[in-house]
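The values are calculated or read from the model by the stated rules, or taken from the named source; none is laboratory data. All values derive from a computational prediction rather than experimental measurement. Note that each Cβ is placed from the backbone with ideal geometry, even for glycine, and that neighbours are counted across all protein chains shown. The accessibility values were calculated without ligands, DNA or RNA, using every heavy atom of the protein model including side chains. Shrake-Rupley method; radii C 1.70, N 1.55, O 1.52, S 1.80 Å.
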Amino acid sequence: MAKLQGVIAAAATPLGPDLSIDHGRLVEHCRILLAEGGCDGINLLGTTGEATSFSAEARVGAMRAIARSGLPLDRFMVGTGVPALDETVRLTRAACELGFAGALVLPPFYYPDVRDDGLVAYIDALVARVDHSRLAVYLYHIPQNTKVPWPLEVVARLRERHGATLAGLKDSAGDLAYSRSIVAALPGFDVFPSSEATLGNATADGFAGCISATVNVTAGESQAAWSGQGSASGAAAAKKAAELRAIVAGHPLVAAVKSLLAARYRDDAWRRLALPLVALDSDRAAALHEAYDRRAAAP
């Protein structure tokens, strides 16, 4: 299988009037990101995709819709981690059987102060129970949400135990020192920070690319930064992508991304969010769009 790398969008998930996943809009959004938007890959059903708000059945249904669409599954990783091991196994096995290139796995959250041995045992059990030749696990480090990190020592132990099956890690903590420590300790292990700002020097830093919520709307600038590493144009693109990201991140992130997509697609259905999240109010949306459009139009 080709390795996932480069500019990866943590894809937003469109919803119908009953707040179920709108498969048609989801497939078309992913198609646009890959074919026209400049993305090298898609992270389906992650945090930006509101995955933890959907049942296992709904998540498998979305996976199947993407698998039936004809889109290149070797360019997709899918979020499969939940606190319950059995459901993580079910979702991860479905991702393997359908042909997705990777499974992005949260640590088992809710209980605080999870011991390293517990985290190792959880992934050991996941790998053993899924038992599939396509299995490629990407650890999802987002301790500001889970309160449970993937410590370097745990990642190193798991890489030693499972080899290439433990394929990489997404760092959504925004801690580049942490990301760099993983790169330094584990040659050949793919690390993806969550900010487009890292793309200008990603290869020099040893990063495999980035996986970002705001790539839903900054894919063009992000691809120019990734492809133009080491050049003045690449540095300028990375700076612009980072500035656009900062504008979006000044608002509730998922709601802001969806508000911008609603404007881009001229489709207010994109403003719907899974509860308990709610759409931006009109004043905040107007401020976001004005600031974003002004910066997007500038060189």
- Message: Give me the percent relative contact order of the range 163-299, please, defined on Cα pairs under 8 angstrom at least 6 residues apart.
- Response: 17 percent
- Task: Quickly estimate the mean residue ellipticity at 222 nm for the chain, helices only: each DSSP H run with n ≥ 4 gives -39500 (n - 2.57), and the total goes over all residues, rounded to 500.
- Result: -15000 deg cm²/dmol
- Item | More than 17 angstrom apart: percent of Cα pairs within the range 98-184 | 45 percent
- Query: Based on the mean of other beta carbon atoms within 10 Å per residue, what is the order of 173-184, 201-212, most packed first?
  - Reply: 201-212, 173-184
- Item | Whole-percent carbon and sulfur share, accessible surface of the range 1-125, 1.4 Å | 50 percent
- Mean accessible area per residue over the range 1-116 (1.4 angstrom probe, all protein chains present, square angstrom) is 40 Å²
- Message: Restricting things to Cα coordinates, could you compute the convex hull volume per residue of the range 197-299 in Å³?
- Response: 97 Å³
- Message: Checking the a/c ratio against 1.5 first, then a/b against b/c, what shape does the Cα gyration tensor give for the range 133-249?
- Response: prolate
- Message: Taking 8 Å as the Cα distance limit and 6 or more residues as the minimum spacing, I'd like the relative contact order of the range 124-209 as a percentage.
- Response: 25 percent
- Just the accessible area per residue of the range 137-284, please: how many Å² with a 1.4 Å probe? 41 Å²
- Item | Tail beyond 17 Å, pair distance distribution of the range 51-110 (Cα, percent) | 31 percent
- Query: By average Cβ neighbour count within 10 Å, what is the ranking of 219-225, 281-287 from highest down?
  - Reply: 219-225, 281-287
- Message: Mean Kyte-Doolittle hydropathy of 0.0 or higher plus an axial Cα length of 24 Å or more: which whole DSSP H helices in the chain meet both?
- Response: 232-249
- Message: Relative contact order of the range 7-114, please, whole-number percent, based on alpha carbon pairs below 8 angstrom and at least 6 residues apart.
- Response: 25 percent
- Message: Antiparallel versus total DSSP beta bridges in the chain: what percent is that, nearest 5?
- Response: 5 percent
- Query: When the Kirkwood radius is taken over all Cα pairs of the range 1-95, what Stokes-Einstein diffusion coefficient follows at 20 °C and 1.002 mPa s, in µm²/s?
  - Reply: 159 µm²/s
- Message: What aspartates and glutamates does residue 240 reach when the alpha-carbon gap must be under 14 Å and sequence neighbours fewer than 8 apart in one chain are set aside?
- Response: 196, 221, 293
- Message: Per q in 0.09, 0.11, 0.12, 0.17 Å⁻¹, report the Debye log10 I(q)/I(0) for the chain, using one uniform scatterer on each alpha carbon and no solvent.
- Response: -0.40, -0.61, -0.73, -1.51
- Ranked from highest to lowest mean number of other Cβ atoms within 10 Å per residue, what is the order of the peptides 148-157, 228-237, 162-171? 162-171, 148-157, 228-237
- Task: Calculate the dipole size of the chain relative to its Cα centre from +1 charges on Lys and Arg beta carbons and -1 charges on Asp and Glu beta carbons; express the result in debye to the nearest 20.
- Result: 340 debye
- Message: Restricted to Cα positions, what overall size does the range 1-49 have along the principal axes? Three whole-Å values, descending.
- Response: 37, 22, 18
- Taking the Cα centre of the range 165-228 as origin and charging only Cβ (+1 Lys, Arg; -1 Asp, Glu), how large is the dipole, in debye to the nearest 20? 80 debye
- Task: On the protein heavy atoms, probe 1.4 angstrom, tell me the percent of accessible surface of the range 193-289 carried by carbon and sulfur.
- Result: 56 percent
- Could you size up the charge dipole of the range 53-196 around its Cα centre, putting +1 on the beta carbon of Lys and Arg and -1 on that of Asp and Glu, and report it in debye to the nearest 20? 340 debye
